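**Q** One structure is given below, represented as structure tokens, and several questions about it will come after.
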Amino acid sequence: MFEHIRDVALPIGVIAPFSGNLSVCWLDTRNITYAALSQHSNVHIANWDNKTDSEINWETINIVDEVTDRPVEITAVGLVHPNARNFPVVIVGSTTSVQIYDVKKNVTRVMFQISLESILKEYSVNKDVGAYCKGISCNDNTVLVGTHSGEIMMLMCNGESNFSSRKTLKEHKTPVADIATCRYDEITCSASGDGEIIVWQKPVKAVSIRILTKHPINIVNVLRKHVIVGTLRGIIQFYSVLTGDLACQIHAHARPISSISVAPESAYILSASEDSQFFIYKLHTRKPHPFQAEHRFGMHLPDKLIVGAQFTNGRGSSVAVASYDQTAISMYKIKKLQAPLPAAAEQPIQPQV
Amino acid sequence: MTEKALPLLYLNMAGEMMYILDQRLKVSAEFTAGDEKSKSEKVLKDIILLVLGKSTLDEIFKTKMIPPKKNLKIVFEKLAHASIMRLNENSMDKLFDLMIMAVKYSMVKVTMAEQILTVSINHLQGIQDILPTDLDVRNAIEHAFTMYCSLYRPLSVQHWHLVRTSILQYLAGVHIKISLLLRDDRQSPEGVFVLNREDVAVQLAPDMDQVPIGTVIYYQNGKRVEEKDEHFEVKFKYEPYKNLPDQLNVPERSTDMGENWYKKHGSLRIQGGGGIGKNEVGYKAGNEMKFLESLMSRDLSTNKDLDSEIMAMSLFDDPTEEKNYIKESEEWYGKIMKIDATKNRKSLKSTIEEKTGGSRPSSADKKGATKKSKGAGLLELMDEAAARPPTAKPRRGTSTESSSVKPKSRSGSRPKERAPSASAPKRAGSAKKKAAAN
């Protein structure tokens with residue numbers, strides 16, 4: 001179903017080991033796809049024309065703390081597209097702060113920065129675990145960033161270059177594992193490592209429903225009113241965001257799920273794991289077809305510890321994969337079906353005497 | 001991110017160091033008289049007792065951050081020279097390369113992050129097996145075992161994942177080719193670890209063996225609907241987790257990683273050069289090196305006035321191997337492209353200064369002013385210490401303070417202006433999206 005197209009080399013260095021270390025955002029009207037990934041204290045941002053498969057342009061940002069001027073340890077990178085803006089922004093979460101960069105203009109200039117210590121109420125909640133960010137999403141104009149204390153930071157986008165912070169959401173008791181939003185239904189879900197999923201009301205202010213999975217959640221995504229969960233044990237689960245019921249469970253991987261991506265137009269789901277494999281499923285939710293997570297395709301990437309995999313367009317026809325310690329991201333594309341050969345052509349050619 | 005990464009990294013690296021030194025000392029003792037054997041045992045005992053000594057472990061457990069590789073190498077150099085044995089600089093570089101790669105292999109290959117504790121216990125057991133009858137060593141091992149178990153057993157699955165990620169982050173970019181791994185097809189010729197082989201079953205995490213991999217299970221009203229189960233083809237064979245106790249002196253644990261692999265295979269060769277502790281790129285000295293400072297200030301040698309007994313040892317089989325290692329390491333280091341991304345960076349501070357027409361000259365503009373980060377003075381001191389012969393007399397009254405002027409700001413360089421975009425882009429269309437959502 002998918003075939004390897006090319007490997008795109010990073011401008012410098014190797015890919016960091018954080019789960020979900022590849023974020024993608026595509027602009028349908030402009031056929032532009034942006035991708036971002038982290039590498040210790042650098043963030044690499046790629047953009048390309050997804051219609052013509054043009055050359056990939058890279059921008060590299062060295063992330064330093066604006067106060068101390070020292071390089072920071074990046075723990076999460078997310079590309080989000082607030083409605084108040086024309087182009088996406090890169091959200092960089094680190095062990096000290098959250099920074100926002102524009103993907104289009106003055107990429108290397110910080111648009112907004114806020115330190116974790118200044119905004120989190122329970123900054124020193126656990127003396128063994130230092131501060132960090134994990135899980136980045138955006139609902140309308142609210143950028144959400146998960147943190148080690150279980151609090152979710154809310155950063156409001158008030159215009160092209162105007163961001164402000166709001167009071168944090170404190171509903172999770174343990175570190176946030178991931179946050180995801182369905183860009184069509186505007187349903188936002190967050191999950192903590194202890195297995196609790198929270199489905200947030202619209203707009204993100206109060207809890208709509210809590211789901212207790214009892215699984216060590218690592219990654220989440222939302223598609224067609226289902227929250228899809230990837231665990232550290234390699235299990236994928238589908239929960240209804242309306243009832244909180246478990247609908248389906250897939251045993252596909254033997255190592256932590258590092259990424260779950262969705263293609264809203266085709267209802268394809270991509271799961272990738274540190275076991276060097278990624279799988280594609282088709283989610284059937286509409287009647288008369290019964291609910292089904294149909295396995296469509298699987299691929300093994302030898303000796304690649306996959307840390308991030310994403311569809312690079314809404315149709316789910318192409319995939320980008322980032323692996324730990326690699327110097328390039330791998331691109332895959334859906335194979336075009338071969339038209340059947342005409343009957344005459346099928347006959348073997350007779351050698352001329 | 002987590003303060004729990006360094007003690008595990010330290011123990012596993014220390015275990016590897018002991019295996020390598022043991023193997024090397026045994027090889028050299030084979031060609032010498034019986035007196036040399038007892039000397040080797042003494043060397044090993046001195047080092048083990050220091051590596052797992054209460055005060056050393058206390059310092060390690062107190063330290064919050066993993067130090068840069070260059071500094072960590074100095075710590076291990078100090079530890080390796082705790083007795084009468086001395087390694088030259090190239091041997092120490094090679095020792096550090098072997099230690100780093102062995103630990104990285106374990107961290108990449110573990111079934112689940114919690115298994116790092118099992119790997120660490122394997123290392124403790126391996127160290128004990130070097131001198132199995134020595135009571136002092138046994139006590140030190142038991143003390144270390146208690147310390148590690150009391151700290152790490154209560155950790156949650158997520159915290160373990162964080163610990164593993166922190167260690168992997170630290171070891172990213174290191175691709176030294178180890179002959180032993182290459183020979184066993186555990187490392188590719190490009191230096192990448194072989195993660196899964198089709199002929200070897202993949203170990204599953206605990207409780208994951210109840211449902212076969214490749215199964216889709218459906219639920220209705222919270223209950224499994226078995227007749228709807230689906231199965232798809234998988235590439236590998238899987239085996240259940242070996243749920244064995246993580247204890248000392250047991251015949252088997254859930255993994256053999258961390259065991260002394262030099263017992264079976266004697267090769268310590270490296271292909272294509274290394275020197276990661278010497279040639280580390282892109283680190284910035286920080287002030288998190290308090291423990292190093294304390295270790296540096298202590299006289300770690302347990303043997304005083306034994307200069308005449310100093311025993312030189314090399315990790316190279318012959319001078320040619322050593323020459324090749326140096327040459328290949330230099331070539332490898334020469335290939336590394338250094339790009340300073342900070343040059344193009346425009347900070348909020350510099351932007352404000354630019355907008356307000358701030359006229360304060362940056363420190364980079366000042367003649368003769370050199371920029372030094374926190375801890376750079378200490379690093380200079382350590383470099384100096386490493387360059388001194390191990391037998392040199394200890395210096396007194398050395399100050400770690402640097403006399404250089406501390407700059408006020410980071411850089412005076414300005415990024416190049418980017419061309420403004422031609423026109424304001426239109427917002428991503430929504431009609432198609434809505435259609436798809438419906």
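**Q** Assess whether A:Ser271 counts as being out of contact with any Lys or Arg (no Cβ under 7 Å at 6 or more places or on another chain), of a type in the set (S, T, N, Q), modelled with pLDDT of 95 or more and under 19 Å from B:Val234 (Cα atoms).
**A** Yes, satisfied.
**Q** Give the residue that is nearest to A:Asn221 (Cα to Cα), with candidates limited to residues of the range A:242-296 that are surrounded by 21 or more Cβ atoms within 10 Å (Cβ to Cβ) and of a type in the set (Asp, Glu).
**A** Taking the candidates together, the pick is A:Glu274.
**Q** Pick out the one residue from A:Ile198, A:Ile219, A:Ile236 that is in contact (Cβ under 8 Å) with a residue 12 or more places away in the chain and farther than 18 Å from A:Ile269 by Cβ.
**A** The match here is A:Ile198.
**Q** Now for a separate question. Pick from A:Ala180, A:Ala206: which is buried (at least 21 other Cβ atoms within 10 Å of the Cβ) and among the aliphatic types (A, V, I, L, M)?
**A** Within the list A:Ala180, A:Ala206, the selection yields A:Ala180.
**Q** Okay, next question. Wholly within the range A:78-155, which strands (runs of 3 or more DSSP E) include no fewer than the required count, namely at least 1 residues that are among the hydroxyl-bearing types (Ser, Thr, Tyr) and within 19 Å of A:Gly308 (Cβ to Cβ)?
**A** A:89-94, A:97-102, A:133-139
**Q** Is at least one residue of the range A:255-272 touching a Pro at 6+ places or on another chain (Cβ under 7 Å) and either more than 24 Å from A:Cys25 (Cβ to Cβ) or facing chain B (nearest Cβ under 8 Å) (or both)?
**A** Taking every residue of the range A:255-272 in turn, none turns out to be touching a Pro at 6+ places or on another chain (Cβ under 7 Å) and either more than 24 Å from A:Cys25 (Cβ to Cβ) or facing chain B (nearest Cβ under 8 Å) (or both).
**Q** Keeping to the range B:167-196, report how many residues are assigned to a helix (DSSP H, G or I) and either more than 9 Å from chain A (Cβ to nearest Cβ) or in contact with a Leu (Cβ under 7 Å, 6 or more places away or on another chain) (or both).
**A** 7
**Q** Which residue out of B:Ile60, B:Ile100, B:Ile84, B:Ile66 is in contact (Cβ under 8 Å) with a residue 12 or more places away in the chain and in contact with a strand residue (DSSP E or B) (Cβ under 8 Å, 6 or more places away or on another chain)?
**A** Exactly one of B:Ile60, B:Ile100, B:Ile84, B:Ile66 is in contact (Cβ under 8 Å) with a residue 12 or more places away in the chain and in contact with a strand residue (DSSP E or B) (Cβ under 8 Å, 6 or more places away or on another chain), namely B:Ile84.
**Q** Give me a count of the residues in the range A:86-125 that are more than 13 Å from chain B (Cβ to nearest Cβ) and under 12 Å from A:Val64 (Cα atoms).
**A** Counting residues in the range A:86-125 that are more than 13 Å from chain B (Cβ to nearest Cβ) and under 12 Å from A:Val64 (Cα atoms) gives 1.
**Q** Considering only residues of the range A:14-45 that are in contact (Cβ under 8 Å) with a residue 40 or more places away in the chain and surrounded by fewer than 20 Cβ atoms within 10 Å (Cβ to Cβ), which is nearest to A:Lys304 (Cα to Cα)?
**A** A:Val14
**Q** If the requirement is being in a helix (DSSP H, G or I) and either on the phi < 0 side of the Ramachandran plot or surrounded by 20 or more Cβ atoms within 10 Å (Cβ to Cβ) (or both), which of these qualifies: B:Lys45, B:Lys64?
**A** After applying the criteria, what remains is B:Lys45.
**Q** How many residues are of a type in the set (Lys, Arg), within 14 Å of chain A (Cβ to nearest Cβ) and surrounded by 21 or more Cβ atoms within 10 Å (Cβ to Cβ) if we restrict to the range B:71-123?
**A** 1
**Q** Moving on. Quick check, is B:Val137 more than 21 Å from the chain's Cα centre (by Cα), within 9 Å of chain A (Cβ to nearest Cβ) and either of a type outside the set (A, V, I, L, M) or buried (at least 18 other Cβ atoms within 10 Å of the Cβ) (or both)?
**A** no
**Q** Which residues, counting only those in the range A:94-112, are farther than 24 Å from A:Trp48 by Cα and surrounded by 19 or more Cβ atoms within 10 Å (Cβ to Cβ)?
**A** A:Ser94, A:Thr96, A:Ser97, A:Val98, A:Phe112
**Q** Going by what's in this entry, would B:His143 be described as buried (at least 22 other Cβ atoms within 10 Å of the Cβ), away from chain A (no Cβ under 14 Å) and outside any loop (DSSP other than H, G, I, E, B)?
**A** no
**Q** If you don't mind, another one. So, in the range B:1-49, exactly how many residues are among the basic types (Lys, Arg) and modelled with pLDDT of 85 or more?
**A** 4
**Q** Right, next: Of the residues that make up the range A:162-169, is at least one in contact (Cβ under 8 Å) with a residue 24 or more places away in the chain, among the aromatic types (Phe, Trp, Tyr), farther than 30 Å from B:Met65 by Cα and assigned to a loop (DSSP other than H, G, I, E, B)?
**A** Scanning the range A:162-169 turns up no residue that is in contact (Cβ under 8 Å) with a residue 24 or more places away in the chain, among the aromatic types (Phe, Trp, Tyr), farther than 30 Å from B:Met65 by Cα and assigned to a loop (DSSP other than H, G, I, E, B).
**Q** Right, another one. Would the range B:220-232 turn up any residue that is among the small types (Gly, Ala, Ser) and facing chain A (nearest Cβ under 10 Å)?
**A** There is at least one residue in the range B:220-232 that is among the small types (Gly, Ala, Ser) and facing chain A (nearest Cβ under 10 Å).
**Q** Look at A:Glu59 and say whether it is in contact with a strand residue (DSSP E or B) (Cβ under 8 Å, 6 or more places away or on another chain), of a type in the set (Asp, Glu), facing chain B (nearest Cβ under 10 Å) and without any contact (Cβ under 8 Å) to a residue 60 or more places away in the chain.
**A** Here the answer is yes, as A:Glu59 does meet what is asked.
The values are calculated or read from the model by the stated rules, or taken from the named source; none is laboratory data. Values in this document were obtained by computation on a predicted structure and should not be read as measured data. Heads up, the Cβs are rebuilt from the backbone with ideal geometry, glycines too, and the neighbour counts pull from every protein chain shown.
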